[in-house]
Amino acid sequence: MTVRLLLLLALATFVAGCGNKIETRTVGETEGLYIDIGDLKYQVQESRILNSYEIEDKAYLAGLPDGTVQPTPGEAWFGVWLRVENTTSDKTLPTAHSFQMVDTQEHKFQPVELRNNPFAYAASNLGPNSVFPNPNSPAGEGVIQGSLLLFKVTTEALANRPIEFKIENPQNATEVGIVDLDI
């Protein structure tokens, strides 16, 4: 009887261990889920429309290039805050530099470059066991704890949901991670 019990416990332990495999996910049906792109993990911390009249949002909109036209009544500033982790590789890896928002009508939007903005996302190299943004930076210490990618979108596109946020692997352009934004 004792041998049977030991065999049964060993089998249960083996079966339980089989379920611990970490799933690779390249599509997130909602924000907050980590997606795997190459050997890095990306997480959309938050996404929302920005209001240039609010104090907090003014800081996010700082650093627009000279000559940038403000949104018309049919447009809006839209922010996507992103966090990147290098927890699975022992190498320094490049973070993504190509992003896109796409609505259900296939309207595509590219990020607007922000200059000298401590909250702005900037592609970089991320060392092993590191997080971007740096936890000791304004973006890392902020409430959102993500770096901002700013888009100018049409209000029509915001109604064409779900909107996909696409992240291209900088080492393999055919690998694209997708997150459905919570708008």
Residues that are among the aromatic types (Phe, Trp, Tyr), under 17 Å from Asn169 (Cα atoms) and not in a loop (DSSP other than H, G, I, E, B): does segment 104-123 have at least one? no
(1) assigned to a loop (DSSP other than H, G, I, E, B); (2) β-branched (Val, Ile, Thr); (3) at pLDDT 95 or above all hold for Thr30 apart from (3)
If you scan segment 42-84, which residues turn out to be part of a helix (DSSP H, G or I) and either surrounded by 20 or more Cβ atoms within 10 Å (Cβ to Cβ) or not acidic (Asp, Glu) (or both)? Ile55, Lys58, Ala59, Tyr60, Leu61
Within segment 146-174, residues farther than 21 Å from Asn51 by Cβ and not small (Gly, Ala, Ser) come out as Asn160, Pro162, Glu164, Lys166, Ile167, Glu168, Asn169, Pro170, Gln171, Asn172, Thr174
So for segment 74-81 (the condition being among the aromatic types (Phe, Trp, Tyr) and out of contact with any Gly (no Cβ under 6 Å at 6 or more places or on another chain)), does at least one residue qualify? yes
In segment 26-58, how many residues are out of contact with any Asp or Glu (no Cβ under 9 Å at 6 or more places or on another chain), closer than 14 Å to Ala96 by Cα and without any contact (Cβ under 8 Å) to a residue 60 or more places away in the chain? 1
Is it fair to say Leu149 is touching a residue at least 24 places away in the same chain (Cβ under 8 Å) and crowded, with 18+ Cβ neighbours inside 10 Å? yes
Filter pass, Lys91 being farther than 17 Å from Val179 by Cα and not in a strand (DSSP E or B): yes
Going through Thr95, Thr104, Thr87 one at a time, which residue ends up being farther than 15 Å from Phe151 by Cβ and under 12 Å from the mean Cα position of the chain (by Cα)? Thr95
Identity of the residue in segment 133-160, assigned to a strand (DSSP E or B) and out of contact with any helix residue (DSSP H, G or I) (no Cβ under 8 Å at 6 or more places or on another chain), that ends up farthest from Ser47 (Cα to Cα): Thr154
Of the residues in segment 85-136, those that are touching a residue at least 60 places away in the same chain (Cβ under 8 Å) and buried (at least 16 other Cβ atoms within 10 Å of the Cβ) number 10
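The values are calculated or read from the model by the stated rules, or taken from the named source; none is laboratory data. All of these numbers come straight from a predicted model, not from anything done at the bench. Ideal geometry is used to build each Cβ from the backbone, glycine not excepted, and the neighbour counts take in all protein chains shown.
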